[in-house]
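Heads up, the thing below is written out as structure tokens.
No lab work stands behind these numbers, since they all come straight from the coordinates. Quantities reported herein were computed from a predicted structural model and do not represent experimental measurements. Here the Cβ is made from the backbone with ideal geometry for all residues, glycine too, and neighbour counts use every protein chain on show.
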Amino acid sequence: MNYYYITGASSGIGKELALELLKHKNNWVIGISRTQTIVHSAYKHIQLDLSDLNKVCSFSFSIPNDITKVCLVNNAGTLGNIKHVGSLNAEDIITSYNINTIAPSVLTNAFIKTYQSVQAEKIILNISSGAGKNPYDGWAVYCASKSALDMFSRVIHEEQLKQNNPLTGFKIMSVAPGKVDTAMQEQIRKASSNEFSNVNRFIDFKDNNQLLSPREVAIKYVKLLENSSAEKDAIFSL
Ligand SMILES: NC(=O)c1ccc[n+]([C@@H]2O[C@H](COP(=O)([O-])OP(=O)(O)OC[C@H]3O[C@@H](n4cnc5c(N)ncnc54)[C@H](OP(=O)(O)O)[C@@H]3O)[C@@H](O)[C@H]2O)c1
């Protein structure tokens, strides 16, 4: 059986990815987020606030007897408050880094530790962002947190190449989805132009139907998870 752990499976990209994977009878999906919105016989929900690092650190992955493939999709993310640095709230800075960078790093470490001697196909997919490569005013913490996730992925990619063990190795990819029509984009469109100078461009993306649907993005991520050996790089966009 294939086991997919997906953070942020309650809405947007993560939810569509879970629903797409649940169409295949050999797949189990374990969703991790604060709210549960999927009910399915092959779906298990784990209620977890990823900003609560004590709980994230005590999270454990299981090793079922019938495991042939196991994937961790670090998808949950937050933009935090869209404001220039100097106007940010300290708590919000910490929460955003915890959700976007610290929790995926802790979960990835636990994932590799749990499955390193298990012979199965093992994949870590981090949902990154173009904002991790390009600066956007008002998004400092989000940009920095996604950039960190990219570099964390690149290092693991190098480590796995050095270990060079096809039986026990892990595949890691940090993949940006493009602009997707989710709650996150709604939040962006509500920003003030003083805090985010590009807000009108993002309003136009929506008005001109230039946003991708979460479902089409999910289908591309499923293809990637089903054929991950074709990808040689750790960092890319869909
Ligand atoms: N939409 C885009 O245009 C776009 C572009 C580039 C990258 N991305 C990335 O794509 C990923 C998914 O975003 P989306 O657009 O699908 O956003 P979304 O619809 O807002 O979904 C965010 C998900 O993250 C979960 N989440 C947020 N805070 C959490 C917390 N404290 N603990 C646990 N889970 C939490 C939410 O679940 P709960 O609220 O139930 O906890 C929800 O399932 C993110 O990493 C985002 O950075 C999106």
In a shell of Cβ-Cβ distance under 10 Å around residue 122, excluding residue 122 itself, what net charge do Lys and Arg (+1) and Asp and Glu (-1) give? +1
When a footprinting reagent is the concern and you count Cβ atoms within 10 Å, what order do 173, 1 take, fewest first? 1, 173
Could you pull out every residue, at least 5 positions away or on a different chain, whose amide H is within less than 5 Å of the one on residue 34? Hs are placed 1.01 Å off N in the peptide plane, and Pro or chain starts have none. 48
Please give the peptides 82-89, 60-67 ranked by average Cβ packing (other Cβ atoms within 10 Å per residue), highest first, as a rough proxy for protection. 82-89, 60-67
Volume in Å³ per residue [convex hull over Cα atoms, computed for the stretch 61-184]: 117 Å³
Are there chymotrypsin sites (Phe, Trp or Tyr not before Pro) in the stretch 64-126 that DSSP marks as loop and that have at most 13 other Cβ atoms within 10 Å, and which are they? none
Taking the mean number of other Cβ atoms within 10 Å as a proxy for protection, how do you rank 32-38, 98-104 from highest to lowest? 98-104, 32-38
Taking the beta-carbon count within 10 Å as an exposure proxy, list 45, 24 from fewest neighbours to most. 24, 45
Distant-in-sequence amide H partners of residue 121 (H built 1.01 Å from N, under 5 Å): 69, 70
Direction-averaged shadow area of the convex hull around the Cα atoms of the chain, nm²? 12.7 nm²
Show which lysines lie in cross-link reach of residue 83 when reach means a straight Cα distance below 18 angstrom and same-chain residues fewer than eight apart are skipped. 146, 190
Under 13 Å from the Cβ of residue 18, count the other residues' Cβ atoms, weight Lys and Arg +1, Asp and Glu -1, and hand me the total. +2
Fewest-first ordering of 231, 20 by Cβ atoms within 10 Å yields 231, 20
Calculated from DSSP helices alone, with each H run of at least 4 adding -39500 (n - 2.57) and the total divided by the residues of the chain, [θ]222 nm to the nearest 500 comes to -11500 deg cm²/dmol
